[in-house]
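Taking it in order: structure first as structure tokens, then the write-up.
The values are calculated or read from the model by the stated rules, or taken from the named source; none is laboratory data. Predicted, not measured: the structure shown is a model, and the values here were computed from it. All Cβ positions, even for glycine, are placed from backbone atoms using ideal geometry, and neighbour counts span all protein chains on display.
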Amino acid sequence: MVTSPTVNSEALRRAPATGTALQARKKRPFLLDLYSTSVGKKYAMAISGIAMMGFVLFHMIGNLKMFLGAEALDHYAEFLQVLLYPILPKNVMLWILRGGLISMLLLHLHAAWSLTQLNRHARPVKYQSARDYQVAKFASRTMRWTGIIVLAYLVWHLLDFTFGTVNAVGTDGTFVRGEVYNNVVRSLDRPVVAAFYVIANILLGIHLFHGAWSIFQSLGWNNPRFNNWRRGFATGFATIIVVGNVSFPIAVIAGIVK
């Protein structure tokens, strides 16, 4: 009579459940590991925010050449196209900068969305007290909506002045690449478009105010002793951008620039 072999219970207890248990856990790169945390996402939002704030500031300063006339603004636009030329072909450096800006924008949006999801999972039930609305500032409460509208404004801005798709809609003229001054005047001479630019830039200022204030907190530089300085910086930066950008449609509508 053949008997079945006995099973060693001790060996069964020690044996791994699957073969994967013997494999070492693959370690992620440091930056990806950091970004998976809420702290890393806050750093990403702060760094990408600083990059976009720098772009907005220098973009506004460059556009102020519009008040010097068509030749000055068109020459500035041509200068941007030949950055690092002849080391790089024309327009290449400009598109590299645009690619970097788009990357910063996507990173900023993803970090903001991820932090929102983390906060919701951390506390699925909202605070019931009215204290939240009393303490929270208007800029912080509307951060999401101003961000969405500013994103829509950015898309329109690109279609208007970079690609020219909507530049000549409702006008008798045509979009001519390279004639930046004429394209700007033709676009902002439309009252509806000018009003949209004014409203969008005011909302951009609100977004920038809270963003500039929050950057220091996201990076851990939020000592109460510097709150007045932080508020002054945020207010001053947002005001400069809004006044500068709003001056363009107002100047065209008022006939100062034509």
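Exactly one residue out of Ala212, Ala194, Ala200, Ala168 is out of contact with any Ser or Thr (no Cβ under 7 Å at 6 or more places or on another chain), over 21 Å from Phe55 (Cβ atoms) and surrounded by 13 or more Cβ atoms within 10 Å (Cβ to Cβ), and it is Ala194. Condition test on Thr146, is it surrounded by 19 or more Cβ atoms within 10 Å (Cβ to Cβ), at pLDDT below 90 and either within 16 Å of the chain's Cα centre (by Cα) or among the polar types (S, T, N, Q) (or both)? Yes, satisfied. Scanning segment 221-235 for residues that are touching a helix residue (DSSP H, G or I) at 6+ places or on another chain (Cβ under 9 Å) and of a type in the set (Gly, Ala, Ser) yields a count of 1. Give me a count of the residues in segment 185-208 that are over 21 Å from Ile240 (Cα atoms) and not charged (D, E, K, R). Final tally of qualifying residues: 5. Out of the residues in segment 182-191 that are touching a Lys or Arg at 6+ places or on another chain (Cβ under 9 Å) and either buried (at least 19 other Cβ atoms within 10 Å of the Cβ) or of a type outside the set (D, E, K, R) (or both), which is farthest from Thr239 (Cα to Cα)? That would be Asn183. Residues considered: Asn245, Asn228. Of these, the only one that is polar (S, T, N, Q), surrounded by 15 or more Cβ atoms within 10 Å (Cβ to Cβ) and either in a helix (DSSP H, G or I) or under 17 Å from the mean Cα position of the chain (by Cα) (or both) is Asn245. Would you confirm, using the coordinates I've provided, whether Leu64 is surrounded by 12 or more Cβ atoms within 10 Å (Cβ to Cβ) and either under 30 Å from Val176 (Cα atoms) or without any contact (Cβ under 8 Å) to a residue 24 or more places away in the chain (or both)? The answer is yes for Leu64.
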